[in-house]
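The structure appears right after this line, and notes come after that.
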Amino acid sequence: MTEQDKDMAALMAMPAFRRFLWRSIQSSGILGQGTNGADGRDLSFAEGRRSQMLAILADCDVGQPVELRHPHHIMTLIAVMREEANPAPKEKKSATGRYDELPE
């Protein structure tokens, strides 16, 4: 296992990193929110963002177990989307409320 494999495995294990990837994926246009040029936006800029995100996904894919790696980085994308779809539950306060937080 190379150093990059270890680094990416450590990053992919972090929910915060997967959430960061989700935000990056959303803004990159790889999920179809891109532009077709009809609104006057520069298509080469949009394609560059899309291409860069695909390269980042390829880098992240090496952090997946070998059996989950895919030429199109499907399992990496699924891991990121799963994190977005199932956020960690928020910590609940006790039923007694604010009195539990008072110093002794």
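The values are calculated or read from the model by the stated rules, or taken from the named source; none is laboratory data. Since this is a predicted model, take the numbers as computed values, not measurements. When we count neighbours, we look across all protein chains shown, and the Cβ atoms used for this are built from the backbone with ideal geometry, even at glycine.
Consider region 52-61 and keep the residues that are among the hydrophobic types (A, V, I, L, M, F, W, C) and either surrounded by 19 or more Cβ atoms within 10 Å (Cβ to Cβ) or modelled with pLDDT under 85 (or both). The one that is nearest to residue 1 (Cα to Cα) is 60. Could we say that residue 77 is within 12 Å of the chain's Cα centre (by Cα) and modelled with pLDDT of 90 or more here? For residue 77, the condition - within 12 Å of the chain's Cα centre (by Cα) and modelled with pLDDT of 90 or more - is not met. Close contacts from region 58-84, counting a first residue that is without any contact (Cβ under 8 Å) to a residue 24 or more places away in the chain and a second that is part of a helix (DSSP H, G or I) and of a type in the set (Asp, Glu), with Cβ to Cβ under 6 Å and a gap of 6+ residues or different chains, come to 69/61; 73/61. Among residues of region 3-28 being more than 12 Å from the chain's Cα centre (by Cα) and without any contact (Cβ under 8 Å) to a residue 24 or more places away in the chain, the one that is nearest to residue 79 (Cα to Cα) is 6. Listed conditions (1) modelled with pLDDT under 90; (2) out of contact with any Lys or Arg (no Cβ under 6 Å at 6 or more places or on another chain) are all met by residue 6, apart from (1). Residues that are of a type in the set (D, E, K, R) and surrounded by 10 or more Cβ atoms within 10 Å (Cβ to Cβ) were ranked within region 80-101; the one that is modelled with the lowest pLDDT is 93.
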